[in-house]
Structure formats: structure tokens, C-alpha cells
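The values are calculated or read from the model by the stated rules, or taken from the named source; none is laboratory data. Being a predicted model, the structure only gives us computed values, none of them experimental. In this analysis, Cβ positions are derived from the backbone assuming ideal geometry, glycine residues included, and neighbour counts consider all displayed protein chains. Calculation scope for accessible area: heavy atoms of the full protein, side chains included, ligands and nucleic acids excluded. Shrake-Rupley method; radii C 1.70, N 1.55, O 1.52, S 1.80 Å.
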Amino acid sequence: MAGMNIHKRPAALLAAAALILAASCVEPLDLVSVLEQRIEEANYVPTGKLAVYVNGVAKEDGSSISLPGVPATATSNVSIVLANEGDGVLRLTSDPPAALGGDDAAAFALNAQPAVVLPPGAELTHSLFFKPASAGSKKATLAFANDGRSSRAFSLSLSGNAGSTPAPAMELSLAGIAVGRGSTRDFPKTIRTKTSASLEFQIRNGGTAILGGCSVGVSGADASAFSVTQSPAATVAAGASTSFRLAFSPAAARFHSAIVTVNSDDPNYPQYSFNVSGEGTEWHGIAVLDSSGDVGAGTSLGAAGSIVSLAYVDTTSQSLKIKRSSDGSLSWSSAYSPDPGAGAVAPSLVLAGADVYVAYKAGADLRVVKGSGGIAWAMPDVVDTSVTSLAGDAALAWDGTSLLVGYGRDPYLANNDIYIAVSVNGLDWTSSRVSSTRRGIATAVGTKSGAGGLFSATSYGSRLWIDNHVTGAWISREVGTAATSGPDLVMASDTKALIVYRETPAQDVKFVARERKLNGASYDLLGSAPVTVDSGVDVGSASIACAPGGGTIYVSYYDATNKDLKLAKSTDGGAHWSLQTVDASGDVGQYSSVAEEGGNVYISYYDATNKDLKLAKSIDGGAGW
């Protein structure tokens, strides 16, 4: 009840409060909320909003009105309507309500002064006259000071040409709304290097002579982002119209602005300028990256800065394929096959500085191939010759100085344990066992430079095992009580691993985090119980990524029940998850791989309906695609 200031509440509301408390079970604190809401409603003051129309065209504050030119002592006029489009009473606050100003104010007049008070929805129709006493160009202002919601000093610039010779008068509008000098028109957000739908502007000659010399120019620092795609007619007859079009083609993902100048022989405004603006964005959406056969099985994705690299399997040619984008997935290189026809399966890609490494299985071999700068590819290197399909997938990681690949050997061979192979150059490898007491399929490894060491996640029997290795010693801990498969792992920090996996037979997507910490006198892997990310669907394999620090986590997975690609997102370190369907266009989402870079979220996956490789990208942290 602190801070209520009950003594300041209206007496009627306090009396009502007493009656409510006496007649109901409303809690005092709930009553305070009700009272505060009623007070806020009681304090709301409806306000008016002035709108001005000239010859039926809406005018903005600062708009220009060219009245038809006439000989001296003659008269022309336009219709002017004042409307209250607000929800409260509008008052014109100046004296007189419509104030003419400027050196040539005497050349203009209203047929009558408007009423001072306009109720909501009211309209006042008047005539604005041009009645010059002498020849020449005349200019004045017409202002309607008011207490409305906006444009309280609403002003129009008036002009007219008086003389024995008729004169043109240019009027500019967009979609029927007048474009005032110095006003701004916005283009929709547009993907950089792409072109927006154009805006069509209308030029009307409101004068009594031909309007000539019509042209349009764009200037300013960002002038190159805006272009005239259709020029106006060079001349426009009195009372006639022409149009021109502007397009927006941003080269960068940022805000752009420029000045547009309409040139003509209008005697009052031969150069009529206004502003344009637009925001360039990164490419986002869903695209097919490869449709040349049955492609897209076993995708693996990596992103760093504007570099995006992708490894996948071409089932038709039994080959590993690799694609690369250097501009944030806007454009892609042709697919490259470093080991054609080798029967590659289950690729795992990692970015190591400027280089790209891909581990994959080919027959009984575990192989790694390096792309220097992601472009120049070396011959594949054989890490182990005792790996078969029964041993599951391999996984690749980079700690800043060394490559690490985790894998399981053929379970029917001797020494059929889980292994980690290490290389500093991608050519020479040293293998060591993770465990000598259990078989398993090592499908996820992760590491960062620092004291945290190497983490691996392994499905073995009816458990998920998480292992951590530092200075020659392994810590192994089992997680959960149900059978598991398909783990994936990402490092939130040097000492903390985030793991997503599938729990069977419930077919749930599960998440767990483990951190290397001192537990008494020795280190242990500590963390909370596994969290269910999604349940009630037949779930395929899942992939995990996180923003720096691990506060925001992304999990992509295949909903086999509905045959959709889904994304789960957590913003509290994995405690709670929001779910969304990213793609539901057929049987899509198998073999998904997710990566996060600078707020951009990338997901590569397989379109089983069309047998294509697809990519989805969000530029707002997974909110939209």
C-alpha cells in the first residue's frame, strides 16, 4: 500500500472503494489497481485534430498552394475544408481564426472566417480567393493556430501569378496526398543490392499556362541509393498531369536519405525540393541453395562475420559438397566437391579463422578436408580407417589453435571406443580415447581457448554422457534415465557446454547445460536437470547454437509428425523456450544445422519433397524469417 496517496484520490472513488470492499472479496491491492485505472480513464481528455483539404486533396503542415493565375484585378479561387478528425473539441486559437500573413497577404482572402470551435467530426467549407490588385508573382501564408493533437501552428504557403499573361503552377502529390516542400517520403525496408517497388509521384499543372522544363534530380550523400526510373513529361498543359517514379536500391544495410528536386518553369517554385529515406537490410527469408539432384542430406553450417560456409551431401553423386557466401548469404559460390564420388556422409564443418575444415565419413574412413580462405581446397586427409556407418557421426571443433574431431569406431572391431583426434595443421592427427569402458557414438564436441578444455556429448545405451578433458584427465558424467540419441553441443564459454538431444521413446527434444567447476577439492561437471524443449511430436535430430555468452540459445529441429522445420529459442539460458515453425512447405527440415552471428540466425536443411538444399535466415534474432 506504500505510495498510494489515498488522500489524493477523488472522494467519490474512495466512497465507491468502501462499498466494493464491504460487498465483495476484492483484495485491497487489486482495488488499488482498479481505482488507478478508473482515475486514469477519468483524467483522459479527448483532443481535436486539424485536417485541411484543398480542392479535395489533403494538405500537410507546410504545404504549398498555387492558386490559378489571373490578370490583375481579376479573381480565382479554390475550395478549402477544415475538418476535426480527432475525438475531442478543436478550437482555433488565433484572432482571427484564419490568419493571412506576408507581404502579399492583401492579394488573398477567405470568403468568411471559420468558426472558432469545431466538434469532433465537424467540417467547415470555405473558398480561398486570389484577387491581386497589381501584376506580378504574389506570395502569402495562411495559418490556423489550434489546440489540436498535432500541427498546432498549421500553416500553408500561398502563391499566385497576376498579370495579363497566364502562368503555370506546379502541384506535387503522392497517392493523392500533397508533398510539401521539405517534407519526407519513406520507402519500405529493402534488402541491400536489391531494388524496392517504386513510388509514383504526380505533377499537376494548376495554372493557366503550359508548365515546361519538367525534370527530376536526386542529390545528397546517399543519392546513389535512389534513382529516377521514369521521368515526367517535359511539358504539362494547364489542368493536366504527368508522373515520375523513384526507386530505392541500397548498397548497405543501413538508413539512407537524399533530396529530390523537381525542376520546372513555375514562376514561384522553379526548384521544388523534398526528402526521401529508406532502410537497407540484410537478406532474410527462405531460399533454395542447390536443386541439382538429390542434395541437402547431412548439412553442417558455420558463420563468422559476413562469411557463411555450408557442407552437405549430394546423394545423387555420392559426393561431399561445399558452398560459401562472403556477404552474409546474399550471394553464394558454386558448389565445390573436394572428394567426388567417395560416398561421403555426415559432414561436420567448422570455421577456423579464415579457413574452413570439414570432417566426414567415406566408407570406413574418417576424413578431413581443408579450404584455405574457404576457397582453395586441399586433398582430403584420412584421420582413421576404422569408422563405419555403425559408428555414427563425427563432429569437428576448433579451439583457436587446434582442430579436434570426435568419433566412434566400428563397435564390432577391437578398441571400439570413443575417440578424440587432435591436429594443429589439419594434416597430422593424434587420437586418444574418451572412454575405455563404454561404446558409443560421439556426435558432438566443443571447445574454446582457455582453461575449460574439451567437451564431448555421447549417446551410449540408455544415457547421455558428457565428458570434459583438461591436462590429460577426463571427467565423465551421465545425464537422465531415458534412452537418448543425436546430441549436439555448443560452447557458451570456455567452461560451459550447452547440449541438445533427442530422448526416446517419448521423442522429446531435451536441453541440458554442464559447466566445469570446483566441487570441493576437485573439478566436476555441474548443472541443473534437463529441460524439455518440445514434446508430443516425432522429433528428428536437433542442432544448437547460441549468442555470445549463452544467454540466448537457438535449437533447430525436424518435426517428423508434421514434417516441418522448427526453431526453439530461449533468452534465459535454457530455462524456458518459445517455439515457432520456420518452414512448412512440404516435407522440410531434416538434417538441420543452425548458427548465430551478430543477431542473424541461419538454418540449413533438407527439403525432402523436392530433394533440395534450403537455407532460412532471420535478421532479428529469429523473430521473423
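Structure notes:
- Tallying residues that are closer than 17 Å to Phe108 by Cα and either open to solvent by less than 40 Å² (accessible area, probe 1.4 Å) or of a type in the set (A, V, I, L, M) (or both) within segment 39-85 yields 15.
- Among the candidates Gly328, Gly353, residue that is open to solvent by less than 30 Å² (accessible area, probe 1.4 Å) and closer than 18 Å to Ala303 by Cα: Gly328
- Screening Trp474 on (1) of a type outside the set (S, T, N, Q); (2) closer than 22 Å to Ala568 by Cα; (3) in a strand (DSSP E or B); (4) modelled with pLDDT under 90 shows it passes everything except condition (2).
- Scanning segment 90-101 for residues that are surrounded by fewer than 16 Cβ atoms within 10 Å (Cβ to Cβ) and not hydroxyl-bearing (Ser, Thr, Tyr) turns up Asp95, Pro96, Gly101.
- Flag for Ser585 being under 19 Å from Arg502 (Cα atoms) and out of contact with any Pro (no Cβ under 9 Å at 6 or more places or on another chain): no
- Subset of segment 114-169 [among the hydroxyl-bearing types (Ser, Thr, Tyr), at pLDDT below 95 and either more than 26 Å from Tyr269 (Cα to Cα) or touching a helix residue (DSSP H, G or I) at 6+ places or on another chain (Cβ under 6 Å) (or both)]: Ser150
- Any hit, segment 568-576, residues being open to solvent by less than 40 Å² (accessible area, probe 1.4 Å) and among the basic types (Lys, Arg): no
- Contacts under 6 angstrom Cβ, first residue in segment 427-455 being modelled with pLDDT under 75, partner part of a strand (DSSP E or B) and open to solvent by 60 Å² or more (accessible area, probe 1.4 Å), 6 or more apart: Arg438/Tyr460; Gly440/Tyr460
- Test for Val350: is it out of contact with any helix residue (DSSP H, G or I) (no Cβ under 9 Å at 6 or more places or on another chain), closer than 25 Å to Arg433 by Cβ, at pLDDT below 85 and not polar (S, T, N, Q): no
- Looking across Ser541, Ser592, one residue alone is under 24 Å from the mean Cα position of the chain (by Cα) and under 24 Å from Gly302 (Cβ atoms). It is Ser592.
- Matching entry among Ala492, Ala506 (being open to solvent by less than 50 Å² (accessible area, probe 1.4 Å) and touching a residue at least 24 places away in the same chain (Cβ under 8 Å)): Ala492
- Residues of segment 302-325 that are over 16 Å from Tyr605 (Cα atoms), in contact with an Asp or Glu (Cβ under 9 Å, 6 or more places away or on another chain) and open to solvent by less than 20 Å² (accessible area, probe 1.4 Å): Ser319 alone.
- Test result for Tyr591, closer than 29 Å to Ser317 by Cα and either outside any strand (DSSP E or B) or open to solvent by 20 Å² or more (accessible area, probe 1.4 Å) (or both): yes
- Close pairs (7 angstrom Cβ cut-off, 6 or more residues apart or separate chains): within 12 Å of Leu118 (Cβ to Cβ) in segment 37-55, at pLDDT below 75 and part of a helix (DSSP H, G or I) anywhere: none
- In segment 221-249, the residues that are under 23 Å from Arg204 (Cβ atoms) reach residues that are surrounded by fewer than 16 Cβ atoms within 10 Å (Cβ to Cβ) and acidic (Asp, Glu) with C-beta atoms within less than 8 angstrom, at least six apart or across chains, in these pairs: Gln230/Glu200; Ser243/Glu200; Phe244/Glu200; Arg245/Glu200.
- Of all residues in segment 126-136 being open to solvent by 30 Å² or more (accessible area, probe 1.4 Å) and in contact with a Phe, Trp or Tyr (Cβ under 9 Å, 6 or more places away or on another chain), the one that is nearest to Gly148 (Cα to Cα): Phe129
- Condition met for Arg204 (part of a loop (DSSP other than H, G, I, E, B), within 14 Å of Ser64 (Cα to Cα) and among the charged types (D, E, K, R)): no
- When segment 365-390 is filtered for residues that are in a loop (DSSP other than H, G, I, E, B) and open to solvent by 40 Å² or more (accessible area, probe 1.4 Å), the ones remaining, listed by number, are Ile375, Ala378, Met379, Thr385.
- In segment 263-301, of all residues being under 20 Å from the mean Cα position of the chain (by Cα) and open to solvent by 40 Å² or more (accessible area, probe 1.4 Å), the one that is farthest from Tyr605 (Cα to Cα) corresponds to Glu279.
- Taken over segment 180-233, residues that are buried (at least 17 other Cβ atoms within 10 Å of the Cβ) and either in contact with a helix residue (DSSP H, G or I) (Cβ under 9 Å, 6 or more places away or on another chain) or within 30 Å of Ser306 (Cα to Cα) (or both) amount to 9.
Residues checked against (1) at pLDDT 95 or above; (2) assigned to a strand (DSSP E or B); (3) of a type outside the set (Phe, Trp, Tyr):
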residue	(1), (2), (3)
Ala513	no, yes, yes
Thr532	no, yes, yes
Ser541	no, yes, yes
Ala545	no, yes, yes
Gly549	no, no, yes
Val555	yes, yes, yes
Asn562	no, no, yes
Val601	yes, yes, yes
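- Inter-residue pairs, beta-carbon under 8 Å, first within 18 Å of Ser372 (Cβ to Cβ) and in segment 320-334, second basic (Lys, Arg), 6+ apart: Ser333/Lys323; Ser333/Arg324; Ser334/Lys323
- Condition check for Lys611: closer than 13 Å to Ser541 by Cα, open to solvent by 30 Å² or more (accessible area, probe 1.4 Å) and basic (Lys, Arg): no
- A single entry from Lys563, Lys569 fulfils the requirement of being among the basic types (Lys, Arg) and within 22 Å of Lys496 (Cβ to Cβ): Lys569.
- Where strands (runs of 3 or more DSSP E) sit wholly within segment 244-363, those with at least 1 residues that are among the hydroxyl-bearing types (Ser, Thr, Tyr) occupy 255-263, 271-281, 295-304, 307-314, 319-325, 344-352, 355-362.
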